[in-house]
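In what follows, a single structure is set out as structure tokens and then discussed.
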Amino acid sequence: MTDSLLEIADQLFGLPLADFTPARDAMAKEHRADKAFAAQIKGLKKASLAAWVVNLLVRRDAPQVEQVLAVGAALREAQANLDGEELRALTRQRRQLTAAVTTQARGLAHDEGVKVTQAVADQVEATLTAAMVDEGAADAVRSGLLIAALTATGVGSAEVVGALALPEAAGFVAVRREAEPPPRPDLHLVPDPEADEKARRAATKVVDEARSEVEAAREALTAAVEEVEALQARSLQLQAEVDELKGRIAQIESDLEENDDELADADDVKSEAEDTVAETESELAKAEAALAKLR
């Protein structure tokens, strides 16, 4: 019996993130006899890292996820009858629960060899929060077919459109999958005839990389030295201009002081000339008066 698109999507989204694309393309080739169905498989989008972590949590620890969603459902049901203080207390509890489950999800990803940064962990926690406040988001999380993280858009609502691999995934429940057991160690020690050559190649690669890093560091140092020298030269030039301007200002101040002295002397000469003119005009008036009497 041919698997449905949802069943195929469930298989693909249960794989390690790096295996998704090659497995999807291989699955599409297997169904190439049905071009339309193969195109649907080929059209399945790869999940973001945060969405993949949530999908992994759903498949590896479904009871824990159901507990989170059950608490969210209870909170939504009781919300209408709670006062502000009780709501704040329940909100704190919800945050503690989502934070704890997010930490667990990061651990599961780590077991798969995937490092989850704090930014991605924040998206995982936001998705769990959205699933607690919105029933549609809860169904989306249960499907294990998220391709993008969810975000609560308000009290009791979350944005789910575009976050699922398939529109019909809402209501689907992901098949639980256990972690693949680690491979059993091979206790037979077989000497590798190329071990020495491999070691030399590895050592050569390390040396080449170190040389490249040294060369890059030297180039950066040369550029920094050139920049420092250029700025030092510019500093000396500017200081010379400052000294020149200071000398010019000192000369102008000296010229101003000398001009003020000359102005004071000129004012004295002017005053004396004015006095002389006044005296001579007085003498002239007296002479003219005496002449007039003689006529």
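The values are calculated or read from the model by the stated rules, or taken from the named source; none is laboratory data. Computed from a predicted model, the values in this text were never measured in an experiment. FYI the Cβ positions are ideal-geometry reconstructions off the backbone, even for glycines, and counts take in every protein chain you see.
Some values worked out for this structure:
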read-out	value
Selected residue (only one of 139, 122 is modelled with pLDDT of 90 or more, of a type in the set (Asp, Glu), assigned to a helix (DSSP H, G or I) and closer than 26 Å to residue 6 by Cα)	139
Hits in segment 12-30 (condition: surrounded by 15 or more Cβ atoms within 10 Å (Cβ to Cβ) and either touching a residue at least 24 places away in the same chain (Cβ under 8 Å) or within 23 Å of residue 171 (Cα to Cα) (or both))	12, 13, 14, 15, 17, 20, 24
Unique residue being within 29 Å of residue 60 (Cα to Cα), surrounded by fewer than 17 Cβ atoms within 10 Å (Cβ to Cβ) and at pLDDT below 80 when the list is 180, 215	180
For residue 120: the one exception among (1) out of contact with any Leu (no Cβ under 7 Å at 6 or more places or on another chain); (2) closer than 22 Å to residue 16 by Cβ; (3) in contact (Cβ under 8 Å) with a residue 60 or more places away in the chain; (4) of a type outside the set (S, T, N, Q)	(1)
Residues satisfying the stated conditions in segment 94-153, i.e. in contact with a strand residue (DSSP E or B) (Cβ under 9 Å, 6 or more places away or on another chain) and hydroxyl-bearing (Ser, Thr, Tyr)	127, 129, 143, 151, 153
Test result for residue 114, crowded, with 22+ Cβ neighbours inside 10 Å, modelled with pLDDT under 95 and either within 22 Å of the chain's Cα centre (by Cα) or under 24 Å from residue 40 (Cα atoms) (or both)	no
One residue from 55, 81 being closer than 16 Å to residue 139 by Cα and not aromatic (Phe, Trp, Tyr)	55
Some residue of segment 74-86 being within 35 Å of the chain's Cα centre (by Cα) and either among the basic types (Lys, Arg) or under 19 Å from residue 150 (Cβ atoms) (or both)	yes
Residue check, residue 145 aliphatic (A, V, I, L, M), crowded, with 19+ Cβ neighbours inside 10 Å and over 26 Å from the mean Cα position of the chain (by Cα)	yes
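Yes/no matrix, rows are residues, columns are (1) farther than 19 Å from residue 162 by Cβ; (2) surrounded by 17 or more Cβ atoms within 10 Å (Cβ to Cβ); (3) in contact with a helix residue (DSSP H, G or I) (Cβ under 9 Å, 6 or more places away or on another chain):
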site	(1), (2), (3)
68	yes, yes, yes
84	yes, no, no
126	no, yes, yes
150	no, yes, yes
